[in-house]
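Computed from the coordinates by the stated procedures, all read-outs in this text should not be read as laboratory data. Here the structure is a predicted model, which is why all the values come from computation and not from measurement. We place every Cβ from the backbone using ideal geometry, glycine too, and count neighbours over all the protein chains shown.
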Amino acid sequence: MTVSGLATQYGFQSFPHFTQGRDKTVNKIVIHHMATTDYNSVPGIWNSREASAHYGIGQNGEIRSYVDEDNTAWHAGNWDANSSSIGIEHANLTGAPDYDIAQATIDASAKLVADIAQRYGFGRVVPYQNLFPHSSFTSTACPGKLKDKLQEIADKANDIIAGGNGNVATQPAQTSQPVQQEDNRSASIKEFQDKWNNRWAIRGNFTIRTCEKQYDMFQVLTDDLNVEPNSWYYNGIPTGLLEDVSDPEGRSFEDGATVRFKDGVNSGVIAAYDNNSNAVGIYFAGYRDMIWFDADKFLAHP
Ligand SMILES: [Zn+2]
């Protein structure tokens, strides 16, 4: 006979619905919930119901043994699974529809799982490899909320197997506590996004550093707006967007000239942000490539 040293016998094999012996070697544990808060109703209910399990854990963490591990309990709804598994029932803390499970029940379950895993040489306890919910073997709502606790039970069991006390931190489910994303935006990008709804406007003058024909068009670079370091490819402003206010004809674009964006292209919506370089990307109608500007300069410029 094999019974865990963590368990006390309770109504032990006092019901007819289990099978003497086993067809297979034990290589897995199947987790159930009782779907009742009445811990003491088990195993008496198995006198009439054609079911059974090896163990049951109460709301306070008590572990009861109902069937010898060397015998086959009827819990998985699947003969193959019954033959090769040990079934553990868990009493519920609340009834329908939530069927909550007490933390003490989960912690005791981890201890029992660790004990079984060690005695049968499972190695590490891994959900869906050697620790299964009842629902893996038959269509059932069992084990209710315990289905989402398999990893916690496994983590704690593995800690116990490794010599710990099972008090390992368990990651909260992402659905209930979304991880706070770190805000790495600069103050300027935040202001563009949160205050100005991604809109920009630059109607004031700025000074060009240099003007060259690059990529088949005349472009300027300006220290007043460009991100540093800058390049003709990413940061050049086509002269077609600008008016040279130093030149009565508005189009000589000498180095050091004072210029402004033409009416019609001096405001718009920011198309992209780059937090790493603190830059804002602007598309101008008629020009294929985005032009990147320093977010601080772009925000501050009149
Ligand atoms: Zn079940």
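A straight Cα-to-Cα reach below 20 Å connects LYS262 with the lysines LYS213, LYS297, residues fewer than 8 places away in its own chain not being considered. For the chain, a Gaussian network of Cα nodes joined below 10 Å ranks ASP100, ASP23, ASP274 by mean-square fluctuation, and the top entry is ASP274. For the range 94-168, chymotrypsin sites (Phe, Trp or Tyr not before Pro) meeting the loop criterion (DSSP other than H, G, I, E, B) and having at most 12 other Cβ atoms within 10 Å: TYR128. Close amide H partners of ASN198, meaning residues 5 or more places away or on another chain with modelled amide H under 5 Å apart, are GLN193. With only the Cα atoms considered, the chain has a convex hull volume of 205 Å³ per residue.
To the nearest 20 debye, what is the magnitude of the charge dipole of the range 187-300 about its Cα centre, counting +1 on the Cβ of each Lys and Arg and -1 on the Cβ of each Asp and Glu? Roughly 400 debye, rounded to the nearest 20. If only the Cβ of Lys and Arg carry +1 and only the Cβ of Asp and Glu carry -1, the dipole of the chain around its Cα centre is close to 920 debye. Among the trypsin sites (Lys or Arg not before Pro) in the range 218-302, those located in a DSSP loop and surrounded by at most 14 other Cβ atoms within 10 Å of their own Cβ are ARG251, LYS262, ARG288. Summing Lys and Arg as +1 and Asp and Glu as -1 over all other residues whose Cβ lies under 11 Å from the Cβ of THR210 gives a net charge of -3.
Along the charge dipole of the chain, pointing to its positive end and built from +1/-1 on Cβ of Lys, Arg, Asp and Glu, which listed residue (SER246, PRO97, THR8) has its Cα farthest out? Most positive-ward Cα: THR8.
Highest mobility in the GNM of the chain, judged by mean-square fluctuation with C-alpha springs under 10 Å and restricted to GLN214, GLN151, GLN59, is found for GLN214.
For ASP224, the residues whose modelled amide H falls within less than 5 Å of its own, excluding neighbours fewer than 5 places apart on the same chain, are THR207.
When the chain is treated as a GNM with alpha-carbon contacts under 10 Å, the residue of VAL220, VAL125, VAL30 showing the greatest mean-square fluctuation is VAL220. Lysine pair count for the range 8-161 with Cα-Cα distance under 20 Å and sequence separation of 8 or more or different chains is 11. Our note on the geometry: Cα centres of the range 195-266 and the range 78-154, 67 Å apart.
Each Lys or Arg adds one and each Asp or Glu takes one away; over the other residues whose Cβ falls under 11 Å from the Cβ of LEU93, this sums to -1.
Counting only DSSP beta bridges whose two residues both lie in the chain, roughly 70 percent are antiparallel.
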